[in-house]
Amino acid sequence: MRFRPEPSAVDLAIEEEHAPLALSNSQTEEKVKELLKCLRLTGENVLRVGDIFSQEMENGINDQPSTLLMENTYIPELLNGTETGDFLALDLGGTNFRILLISLQNENVVREEVMQYHISDDLRLGEGEVLFDYLADCLYDFVHKCGVASRRLVMGFTFSFPMHQRSLNCGVLIKWTKSFAATNVEGQDVVKMLGEAIKRKGGIDVDIIAILNDTTGTLLQGCRLDHECGIGLILGTGSNACYMERAERVSHWEAERHGEKEVIIDIEWGAFGDGGLLDFIRTDFDKQVDTNSLFANSFTFEKYISGKYLGELVRLILVNLANHRLIFNGILSKKMQQIDSFTTNYVSHVEKDNVDNTICETDTVLKGFNLDYNEDDIQVVKYVCEVVSIRAALLVSTCLAEVIKRMNRDSVTVAVDGSLYKHHPRFKHWMLKFVEILAPRHKFQLMLAEDGSGKGAGLAAAVAQRLRDSYCHNSK
Ligand code: BGC
């Protein structure tokens, strides 16, 4: 039987985190509270989200229709400490595109070269082959600059988008997310596309032996730091998690099997709730975020929780409040009316004021918007950021608690990375509190595992190389 706390206990935990709104005008105060009520989750709703998520995980792992991909990553083991050598890593999917060369000696990174390359909007949104040619150009530049161009190198490729993996080095892009929408890539094996681009470029010898998601990279990086690590979580521009699953539970396995006991499953929770599953928590503000996004009607969950959307959600609420003449004297500046002008980073800044009980950060943020505002407006902005942030933290915690319950280990460490987690001053605190309420029988820790998407690709290549060698050896 799955443990389910009393809804009232969850309600209480949520209530404790919401500060009361106190404005000089009590009528305005009531109206603001009323308009934002729809964003405050009840314990009952939180538990319902958890139940649905748990069922969706079960459906996905059994190859049944689900809004969670529950993708087999074909990585059956974490690092075992014997991995040694030089590994290339390519990281595409976040704000930046990076290439790394890491030298491993018994699990320790003894040398690391990193270069960051800019990807213009033209490349993100243009023809896919041109994007991959650019990646190959950068790789060519990188290996030459590192002085390793004459060597044959193995590489791990972090590709942080929903993909269908057929093997450790075959990943078919299902759908672009975040700010990428290059044409003629969806439905294609991106390892093959990159391999072909590298060939077209010529002059370097690189073998892409592993493709992975940033969550997987974060889990691998986390396990280097803590051997109890079993979950990788990203809370950044996008959001997603992966975990170690028992191999016997996994129905989908296209590659050859080698008696694996476990395997990393990439949950891909961004699209959780697509098709109406989470409509009971969906507000008109969420619908507007969705309509304004690059991918309308999809990635429902990501739009509630990730850095790409939280700021925009706050902006749309502020616009609505101003239209009701509840803030800014009812007058909006041009900037405030611009889509995406209120970034999630601003939300983190405003949240600092909520922690310190000050107004200076909010004041600085609002100054940049060219608005007429008073002390009450500042309080409302702080309140909106808090409500939106608590909802996001609750939803992430609910799903994380379900993953922890599913794994049912004595103790599990969650490796976390991403700008939202790193910069938001209260996200971690809320996650610790809410997960504990929702999965009280399980010990867990949250551990920051930075740069898993970069280094993790090198680590995945190292594990892939070790597995390849051992399979070859066993078949002799
Ligand atoms: C992608 C995931 C990725 C996450 C975090 C989402 O938009 O679909 O694959 O793990 O962002 O980068």
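The values are calculated or read from the model by the stated rules, or taken from the named source; none is laboratory data. All of these numbers come straight from a predicted model, not from anything done at the bench. Neighbour counts are summed over all protein chains in view; Cβ atoms, including those assigned to glycine, are modelled from backbone coordinates with ideal geometry. For accessibility, only protein heavy atoms count, side chains too; no ligands or nucleic acids. Shrake-Rupley method; radii C 1.70, N 1.55, O 1.52, S 1.80 Å.
Residue pairs exceeding 27 angstrom between C-alpha atoms, taken from 178/334; 287/405; 335/428; 261/405: 287/405; 335/428. Full extension of the chain segment joining residue 16 with residue 253 gains 80.8 nm, where the gain is 0.36 nm per residue of separation less the Cα-Cα distance. Positive end of the dipole of the chain (Cβ unit charges, origin at the Cα centre): among 109, 187, 311, the Cα lying farthest that way belongs to 109. Report the FRET efficiency, 1/(1 + (r/R0)^6), for residue 360 and residue 338, where r is their Cβ-Cβ distance and R0 is 25 Å, rounded to 0.05. Using R0 = 25 Å, I get an efficiency of 0.55.
Go ahead and run the numbers for FRET between residue 448 and residue 150, Cβ-Cβ distance against an R0 of 35 Å, rounding to 0.05. Before the final figure, lay out each step's value.
Numbers: r = 38 Å, r/R0 = 1.07.
In this case the efficiency is close to 0.40.
For the stretch 319-420, the list of trypsin sites (Lys or Arg not before Pro) that fall in a loop by DSSP and count at most 10 other C-beta atoms within 10 angstrom reads 334.
When peptides 458-468, 122-132 are sorted by average Cβ neighbour count within 10 Å, with the highest value leading, the order is 458-468, 122-132. Each Lys and Arg Cβ is given +1 and each Asp and Glu Cβ -1; about its Cα centre, the stretch 24-145 then shows a dipole of about 620 debye. Taking 7 Å steps out from each Cα toward its Cβ at residue 207 and residue 84 produces label points 1.9 nm apart. Taking every DSSP bridge with both residues inside the stretch 124-213, close to 40 percent are antiparallel. The packing ranking, built from the mean of other Cβ atoms within 10 Å per residue, places the peptides 238-248, 339-349, 53-63 in the order 238-248, 339-349, 53-63, highest first. Working from label points 7 Å from Cα in the Cα-to-Cβ sense, the residue 59 to residue 44 distance is 2.3 nm. With a ≥ b ≥ c the root eigenvalues of the C-alpha gyration tensor of the chain, is it rounded (a/c under 1.5), prolate (a/b larger than b/c) or oblate? Taking the square roots of the gyration eigenvalues as a ≥ b ≥ c, the chain is prolate.
Once you charge only the Cβ atoms, +1 for Lys and Arg and -1 for Asp and Glu, what is the size of the charge dipole of the stretch 297-398 about its Cα centre, to the nearest 20 debye? Before the final figure, lay out the partial values.
Values: 10 positive and 13 negative charges, 81 e Å.
Computed charge dipole of the stretch 297-398: roughly 400 debye.
Farthest toward the positive end of the dipole of the stretch 333-476, out of 446, 407, 388, is the Cα of 407, where the dipole comes from beta carbon charges about the Cα centre. Projected label points at residue 105 and residue 9, each 7 Å from Cα along the beta carbon direction, are separated by 5.0 nanometres. Dipole check for the chain: with +1 at the C-beta of Lys and Arg, -1 at the C-beta of Asp and Glu, and the Cα centre as origin, the magnitude is about 360 Debye. When the solvent-accessible area of the chain is split by element, carbon and sulfur atoms take up 46 percent of it, the probe being 1.4 Å. Protein heavy-atom accessible surface, 1.4 Å probe, per residue over the stretch 1-151: 48 Å². Between residue 188 and residue 410, the C-beta separation translates, for a Förster distance of 51 Å, into a calculated FRET efficiency of about 0.75.
Length, then width, then depth: along the principal axes, the Cα atoms of the stretch 1-136 run 62, 45, 35 Å.
Dipole orientation for the stretch 323-476: of the candidates 431, 371, 331, 431 has the Cα lying most toward the positive pole (charges on Cβ; Lys, Arg +1; Asp, Glu -1). A straight Cα-to-Cα reach below 19 Å connects residue 175 with the lysines 192, 303, 308, residues fewer than 8 places away in its own chain not being considered.
Using a/c under 1.5 as the rounded threshold, could you call the stretch 216-286 rounded, prolate or oblate? The axes a ≥ b ≥ c are square roots of the C-alpha gyration tensor eigenvalues, and prolate needs a/b larger than b/c, oblate otherwise. Cα axes put the stretch 216-286 in the oblate bin. I need the shape label for the stretch 124-238. Rule: rounded when a/c is under 1.5, else prolate if a/b > b/c, else oblate, with a, b, c from the alpha carbon gyration tensor. Oblate shape, in that a/c is at least 1.5 and b/c is the bigger or equal ratio.
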